[in-house]
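> Below you will find the structure I want to go over with you.
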Amino acid sequence: GAGVSQTPSNKVTEKGKYVELRCDPISGHTALYWYRQSLGQGPEFLIYFQGTGAADDSGLPNDRFFAVRPEGSVSTLKIQRTERGDSAVYLCASSLMGGGPDEQFFGPGTRLTVL
Amino acid sequence: GNSVTQMEGPVTLSEEAFLTINCTYTATGYPSLFWYVQYPGEGLQLLLKATKADDKGSNKGFEATYRKETTSFHLEKGSVQVSDSAVYFCALSRSNSGYALNFGKGTSLLVTP
């Protein structure tokens, strides 16, 4: 079956521009997570959705970052006024319920480069 | 806060050698513990997990035991193969955040024939 997909796979943008990163979770998975992975580091939690609502956005670094999941399936991570420090691989993961230590299934990531 | 510390790599071993990758954690409460693996050119995937103290997770010949007294979850394999070459991440989950994961920095393993 289809896994978690993310588009685009690569995104190059200029400092100050706006970008959107898309995540398609596994069908039927109610929990969705965004992580950010910088070079040589482990993924860092950004935001967690349960259904349509952002249940925990404590990992978002500042108010330039925002994410939505309007229909409880596809999610979009939005970054305004991008900075060079935003360059990283952005990972999306989904799990069946999110109410327990379920396996999280990760997408291949979007590599964002801010010039 | 919650955090995970794992041994730095890269680790280079000959085929059939014994592998240990150390992982210790700091957490409030009783987290679940995981090892995720990232093979070259692939996404992160769950290798094994343990949800309470003294539990042992195992998969593909890898094992790790949840040690509450030493706050550790060391990954072991008795005989590594070239195909085990990958980056290994230790992680804990936060029950107060839908079980979002806190990851260590990752340990790169290279197994040579």
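> Based on other C-beta atoms within 10 Å, arrange B:T107, A:T7 from fewest to most.
Fewest-to-most ranking of B:T107, A:T7: A:T7, B:T107.
> For region A:1-73, run through the trypsin sites (Lys or Arg not before Pro) and keep only the ones in DSSP coil with at most 14 other Cβ atoms within 10 Å of their Cβ.
Hits after loop and neighbour filter: A:K15, A:K17, A:R64.
> May I ask for the net charge around B:S58, where only other residues with Cβ less than 12 Å from the Cβ of B:S58 are counted and Lys, Arg are +1 while Asp, Glu are -1?
Once all neighbours under 12 Å are counted, the net charge is +1.
> Expressed as a rounded percentage, what relative contact order does chain A have, with Cα pairs under 8 Å and six or more residues apart?
Details: 296 pairs, mean separation 42.2, N = 115.
Relative contact order comes out at 37 percent.
> What residue among B:E76, B:E63, B:E15 shows peak mean-square fluctuation when chain B is described by a Gaussian network model with Cα springs under 10 Å?
B:E15
> Amide H of B:D55 versus every other amide H placed in the peptide plane: which residues, excluding those fewer than 5 positions away on the same chain, fall under 5 Å?
Hits under the 5 Å cutoff: B:Y66.
> Take the residue pairs B:K49/B:K105; A:K11/A:K78; A:K17/B:K105; B:K56/B:K77 and return only those whose Cα atoms are more than 21 Å apart.
Going by Cα-Cα distance, A:K17/B:K105 fall outside the 21 Å limit.
> Oh, and also: Cα centroid distance between region B:40-93 and region A:60-88, in Å?
Taking the Cα centre of region A:60-88 as reference, the centre of region B:40-93 is 31 Å away.
> Here is a follow-up. Net charge within 12 Å of B:G98 by Cβ-Cβ distance, Lys/Arg positive one each and Asp/Glu negative one each, not counting B:G98 itself?
It works out to a net charge of -2.
> Which of the GluC sites (Glu not before Pro) found in region A:1-79 are loop residues per DSSP with 11 or fewer other Cβ atoms within 10 Å of their Cβ?
Sites meeting the loop and neighbour criteria: A:E14, A:E71.
> Arrange A:M97, B:M7 by Cβ neighbour counts within 10 Å, fewest through most, would you?
Ascending Cβ contact count within 10 Å gives the list A:M97, B:M7.
> Could I ask something else about it? List the residues whose amide H sits under 5 Å from the amide H of B:L44, counting only those 5 or more places along or on another chain, with H placed 1.01 Å from N in the peptide plane.
Sorted by chain and number, the residues that satisfy this come to none at all.
> Enumerate the amide H contacts of A:S87 below 5 Å, restricted to partners 5 or more residues apart or on another chain; note that Pro and chain-start residues carry no placed amide H.
For A:S87, the qualifying residues are A:V114.
> Pull up the cross-link candidates among the aspartates and glutamates for A:K15, meaning alpha carbon to alpha carbon under 20 Å and not fewer than 8 places away within one chain.
A:D63, A:E83, A:D86
> Quick one: putting +1 on the C-beta of Lys and Arg, -1 on the C-beta of Asp and Glu, what dipole do you get for chain B around its Cα centre, in Debye to the nearest 20?
400
> Now for a separate question. I'd like the Karplus ³J(HN,Hα) series for region B:32-40: coefficients 6.51, -1.76, 1.60, θ = phi - 60°, whole numbers in Hz, and an x wherever there's a Gly or Pro.
Each residue of region B:32-40 in turn: 8, 10, 9, 10, 10, 10, 10, 6, x Hz.
> Given an 8 Å cut-off on Cα distances and at least 6 residues of separation, report the relative contact order of region B:4-113 as a percent.
37
Only the coordinates and a few stated rules stand behind these numbers; no lab work does. In this text, all values refer to a predicted model and were calculated from it rather than measured experimentally. Neighbour counts are summed over all protein chains in view; Cβ atoms, including those assigned to glycine, are modelled from backbone coordinates with ideal geometry.
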